[in-house]
1. Working carefully through the options LEU103, LEU127, LEU93, find the one that is surrounded by fewer than 17 Cβ atoms within 10 Å (Cβ to Cβ), touching a strand residue (DSSP E or B) at 6+ places or on another chain (Cβ under 9 Å) and either outside any strand (DSSP E or B) or not assigned by TED's automatic domain parsing to the domain that holds ASN184 (or both).
2. When you check ASP98 against the structure, is it in contact with a Lys or Arg (Cβ under 9 Å, 6 or more places away or on another chain) and assigned to a loop (DSSP other than H, G, I, E, B), yes or no?
3. Take LEU122 and tell me if it is at pLDDT 95 or above, surrounded by 21 or more Cβ atoms within 10 Å (Cβ to Cβ) and more than 26 Å from GLY92 (Cβ to Cβ).
4. Of everything in the range 259-299, what is part of a loop (DSSP other than H, G, I, E, B) and of a type in the set (Phe, Trp, Tyr)? Give them in sequence order.
5. Output the residues belonging to the range 242-269 that are surrounded by 19 or more Cβ atoms within 10 Å (Cβ to Cβ) and touching a helix residue (DSSP H, G or I) at 6+ places or on another chain (Cβ under 6 Å).
6. Criterion first (part of a helix (DSSP H, G or I), under 25 Å from GLU397 (Cβ atoms), assigned by TED's automatic domain parsing to the domain that holds PHE406 and of a type in the set (S, T, N, Q)) does SER370 satisfy it?
7. Can you confirm whether the range 371-389 contains a residue that is touching an Asp or Glu at 6+ places or on another chain (Cβ under 9 Å), closer than 19 Å to GLU338 by Cβ, small (Gly, Ala, Ser) and modelled with pLDDT of 95 or more?
8. Among the listed residues PHE154, PHE136, PHE142, PHE172, which satisfies the condition of being part of a helix (DSSP H, G or I), at pLDDT 95 or above and surrounded by 15 or more Cβ atoms within 10 Å (Cβ to Cβ)?
Amino acid sequence: MADIKEKLEQIRKERQSRSKSRVVSETWQKIQKEENISTKEKLERLISLSREMKQETPRTPAFEPLPREPLQFIENAYSLDSRYGKIKISSGLGISGDILSCLSQEDAFRDLDLSTALFIDLETTGLSGGTGVVPFNIGMGFYRDDKFHVAQYFLGEMAEEERMIQELGEFFRDMNFQSVVTYNGKGFDLPLLETRFILYRQPFILSDLPHLDFLYAARRLWSHKYESCRLYHLALEVVQADRSEDIPSAEIPWRYFQYIQTGNFELIEPILYHNQEDILSLLGVVIIGAHIFSEDPDLCMGDAMDFYGAGKIMANIGNVERSLQFFQRALDGSLSDEVSLEAKRRLSSHFKRNEEWEKAVPIWEEMTSSRVVTPAQLFSFRELAMYLEHKLKKYGEAKKIAEEGFVLSTGVSSYYERDFSYRLERLRRKIKQLTKKD
């Protein structure tokens, strides 16, 4: 069994050796630049331009499209020892149900693992969803027989969609998947696929399964660390996979449309490659994300920024103690100034709720000394001023802190600017009253 890298390299070389439809591609690129029109309207515009080109060259012989296979099932299997980027394929089988439950926020995952999960990703005729959008390629990944399989249903003839849906339904039932893993599947892939099943009066059993949409976990884990949480970008940054020759998603509907017009399968091969990479990338980021929570130092690949993300996930599911542990672990490492302030804000808020002032106050004081002005730092000025005013009754010191917070908030945060303004007015009245009594 060839290594994943070798297989993908072979796919790349085969794709590079074939020619591309340059004239139509350039036409499509021009249409893509037009704003305020849908993908469907862009495709209709391309059809219209194609017809005009035919009318301008009446002497050209009539074009005969190449024969197409109505429906194809394509499958590649990878040994558990294979590697994708820096992860080992077998690592997915070691992820516990507790971690999957944290990542998915579904308790049903506690008794499951990825050995019975279905990874799924669609390629469609449009990117916005809706009943007019057809999923022409269904990419699926799953563990079976000591291998990780990447299978694809490719719709070569639009008229065969009903047969594809029927075969997919049989495939889902026969494989007896116990859970689903996607990337933005809750918002796009599964609702769209369910619509097609309903259209052809077929039961859609995937909707009843526990669903880990890793997009949400990925954003909590890495949105503060990377500029983009697109799966492609995380595959490069987190998994360290080589996807430099991938095609843009916006180009996929055009390629499929051209294939329907011409029967030229060379247009489709990059899409199948792209889809296979997406399935492997999804497996990779799930493995890396899960390992951040591992207690085994040999498995945990996280750094301080990753631990901060893990703290956010634990806080989101209500596991306060674990979230505090991760935030403290993050602060023990190297964080950006903004993330450091956020971690301290979360820690100090917990201590405040429990009235552990001896822990909360030093954090606020430390935060006020930061040279970076962020809402988290302004929060520390506000909390410290409140503590001095309401707990210690030190109005003069509270006024000084509030004044500094007001100056820093000006032009940065209207919320804190108003808060400090009201607070200062109240503190001046209190100080004035005390002065009169004296």
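1. LEU93
2. Values: in contact with a Lys or Arg (Cβ under 9 Å, 6 or more places away or on another chain): yes; assigned to a loop (DSSP other than H, G, I, E, B): no.
It is false that ASP98 is in contact with a Lys or Arg (Cβ under 9 Å, 6 or more places away or on another chain) and assigned to a loop (DSSP other than H, G, I, E, B).
3. On the way: at pLDDT 95 or above: yes; surrounded by 21 or more Cβ atoms within 10 Å (Cβ to Cβ): yes; more than 26 Å from GLY92 (Cβ to Cβ): no.
For LEU122, the condition - at pLDDT 95 or above, surrounded by 21 or more Cβ atoms within 10 Å (Cβ to Cβ) and more than 26 Å from GLY92 (Cβ to Cβ) - is not met.
4. Hit for the range 259-299 is PHE293, nothing else.
5. Passing the criteria: ARG243, ILE252, PRO253, TRP254, ARG255, PHE257, GLN258, TYR259, LEU267, ILE268.
6. Working: part of a helix (DSSP H, G or I): no; under 25 Å from GLU397 (Cβ atoms): yes; assigned by TED's automatic domain parsing to the domain that holds PHE406: yes; of a type in the set (S, T, N, Q): yes.
Criteria not met by SER370.
7. Yes - at least one qualifying residue is present in the range 371-389.
8. Only one candidate passes the filter, namely PHE172.
The values are calculated or read from the model by the stated rules, or taken from the named source; none is laboratory data. Fair warning: this is a prediction, and the values are worked out from it, not measured in the lab. Positions of Cβ are backbone-derived with ideal geometry, glycine not excepted, and every protein chain shown enters the neighbour counts.
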